[in-house]
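**Q** One structure, pasted below without further comment.
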Amino acid sequence: MIGKGEIAMIHELGTVGMVCPFPLIEAQKKMATLQSGDELKIDFDCTQATEAIPNWAAENGYPVTNYEQIDNASWTITIQKV
């Protein structure tokens, strides 16, 4: 949890070009290194990850703070570690 005077960080993870399930695997690894309150912004173009990443976040109690489709075949999602 973020203490008084501490600032949450936003970390970026680019997985564009990776085939599934690697965007999810990389997100899990990166999230494990973050502090509570930090956010992880993941850019991806694997269609299976459009369900896999939000489902994983929900299963782990991580709020999705942003999720949008960038173009026909790429998305960005931001997940907060709690």
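Computed from the coordinates by the stated procedures, all read-outs in this text should not be read as laboratory data. If you're wondering where the values come from, they're calculated on a predicted model, not measured in any experiment. We place every Cβ from the backbone using ideal geometry, glycine too, and count neighbours over all the protein chains shown.
**Q** Farthest toward the dipole's positive end in the chain, which of T47, A57, S74, given Cβ charges of +1 (Lys, Arg) and -1 (Asp, Glu) about the Cα centre?
**A** Among T47, A57, S74, the one farthest towards the positive end of the dipole of the chain is A57.
**Q** Fully extended, how many nm does the chain gain between N66 and F22 (0.36 nm per residue separation, minus their Cα-Cα distance)? Write out the running numbers ahead of the final one.
**A** Working: separation 44, 0.36 × 44 = 15.84 nm, distance 2.06 nm.
Gain in length upon complete extension: 13.8 nm.
**Q** Pop the C-beta distance of A73 and T33 into the FRET formula with R0 = 35 Å and round what comes out to the nearest 0.05. Write out the running numbers ahead of the final one.
**A** Details: r = 28 Å, r/R0 = 0.81.
Once the sixth-power term is evaluated, E becomes 0.80.
**Q** For helix 22-32, report the angle its Cα long axis makes with the longest principal axis of the Cα atoms of the chain; keep it between 0 and 90° and round to the nearest 10°.
**A** Compared with the principal axis, the helix lies near 0 degrees.
**Q** If you consider only alpha-carbon coordinates, what radius of gyration and Dmax does the chain have, in Å?
**A** For the chain, the Cα radius of gyration and maximum Cα-Cα distance read 12.4, 41 Å.
**Q** So how strong a dipole does the chain carry about its Cα centre when Lys and Arg Cβ are +1 and Asp and Glu Cβ are -1, to the nearest 20 debye?
**A** Values: 5 positive and 11 negative charges, 62 e Å.
Here the size comes out at about 300 debye.
**Q** Another question, if that's okay. Suppose the chain between A8 and K41 were pulled fully straight at 0.36 nm per residue; how much longer would it get relative to their current alpha carbon spacing?
**A** Values: separation 33, 0.36 × 33 = 11.88 nm, distance 1.29 nm.
Gain on extension, A8 to K41, equals 10.6 nm.
**Q** Working from Cα positions, state the angle (0 to 90°, nearest 10) between the long axis of helix 49-59 and the longest principal axis of the chain.
**A** Once rounded, the angle reads 30 degrees.
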